[in-house]
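**Student:** Structure incoming, see below.
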Amino acid sequence: LVIASDLLKKNLRLYLNEFRLMSDSLDILDAKIINFRIKYRVLIDPSYNKSGVLQKINSSISKSMKLSNFQIGQPIIKDDIRNSIINQEGVISLVTLIFETVQGNNSGKFAGRNYSTNQHDFSSTELNGVYVPPIGGLFELKYPSADILGASV
């Protein structure tokens, strides 16, 4: 996701203006994008290939966190991710599961990748295992291969 240019918003406003009623008004605003990463540690059955199990977990999390599954204002339910991990074959238990913001610098860069510059404190916005975005905000797991960090103990 990227912030829309002013020219795009102006063109969109002109286009939509022809379809609105006289009493309607339009405000075209950018959503506040919150880029995040997921860190987890699991206990894996010794008879399973640890790296293979971790790859399957990462793939499962990546599928459930696709941007197409999210809307503006939609929360992240921690138990959905927990279930994706625990229900993977070879996993004995989930040791830790952490959500944290990945924030770019002033130019939006972090570790050579482009991220949003918006900050979000996951620990203060968690309510009963549900992470709520700021008003008008949207969670994005931008680079699943780099932002899902798993380890076995």
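**Student:** Looking at R82, is it free of Cβ contacts under 8 Å to residues at least 40 places away in the same chain and charged (D, E, K, R)?
**Tutor:** Working: free of Cβ contacts under 8 Å to residues at least 40 places away in the same chain: yes; charged (D, E, K, R): yes.
Against the criterion (free of Cβ contacts under 8 Å to residues at least 40 places away in the same chain and charged (D, E, K, R)), R82 qualifies.
**Student:** Residues being in contact (Cβ under 8 Å) with a residue 12 or more places away in the chain, within 30 Å of P144 (Cβ to Cβ) and not acidic (D, E): count how many of those fall in segment 8-30.
**Tutor:** 4
**Student:** In addition: So, of the residues in segment 7-35 that are closer than 30 Å to D121 by Cβ and of a type in the set (D, E, K, R), which turns out to be most open to solvent (accessible area, probe 1.4 Å)?
**Tutor:** D27
**Student:** Mind checking which pairs have a first residue in segment 31-52 that is in contact (Cβ under 8 Å) with a residue 12 or more places away in the chain and a second that is of a type in the set (D, E, K, R) and surrounded by fewer than 14 Cβ atoms within 10 Å (Cβ to Cβ), Cβ under 9 Å, 6 or more apart or different chains?
**Tutor:** The qualifying pairs are D45/E89; Y48/E89.
**Student:** Identify, please: which residue in segment 53-94 is among the hydroxyl-bearing types (S, T, Y) and farther than 18 Å from V130 by Cβ and is, among those, farthest from the chain's Cα centre (by Cα)?
**Tutor:** In this case the residue turns out to be S93.
**Student:** Name every residue in segment 101-153 that is on the phi < 0 side of the Ramachandran plot and touching a Lys or Arg at 6+ places or on another chain (Cβ under 6 Å), in order of residue number.
**Tutor:** Hits for segment 101-153 are V102, N118, P134, G137, Y143, D147, L149, A151, S152, V153.
**Student:** Can you pull out the residues in segment 1-57 that are assigned to a helix (DSSP H, G or I) and over 29 Å from Y143 (Cβ atoms)? I'd like the intermediate steps shown before the answer.
**Tutor:** If we filter segment 1-57 for residues that are assigned to a helix (DSSP H, G or I), which is where we start, we get 6-17, 50-57.
Passing the criteria: K10, N11, R13, L14, Y15, L16, N17.
**Student:** Also: Tell me, which residue of segment 93-127 that is surrounded by 14 or more Cβ atoms within 10 Å (Cβ to Cβ), farther than 14 Å from R37 by Cα and in contact with a strand residue (DSSP E or B) (Cβ under 8 Å, 6 or more places away or on another chain) is modelled with the highest pLDDT?
**Tutor:** Among them, the one singled out is L94.
**Student:** Give the number of residues within segment 83-92 that are open to solvent by less than 20 Å² (accessible area, probe 1.4 Å) and among the charged types (D, E, K, R).
**Tutor:** Qualifying residue count for the region: 0.
**Student:** K50 is checked against (1) open to solvent by 80 Å² or more (accessible area, probe 1.4 Å); (2) within 20 Å of the chain's Cα centre (by Cα) and fails just one. What number does that condition carry?
**Tutor:** For K50, the exception is condition (2).
The values are calculated or read from the model by the stated rules, or taken from the named source; none is laboratory data. Only a predicted model underlies this, so the values are computations on that prediction, with no experimental measurement involved. Quick reminder, even Gly has a Cβ in these numbers, built from the backbone with ideal geometry, and neighbours come from all protein chains shown. Heavy atoms of the whole protein, side chains included, go into the accessibility calculation; ligands, DNA and RNA do not. Shrake-Rupley method; radii C 1.70, N 1.55, O 1.52, S 1.80 Å.
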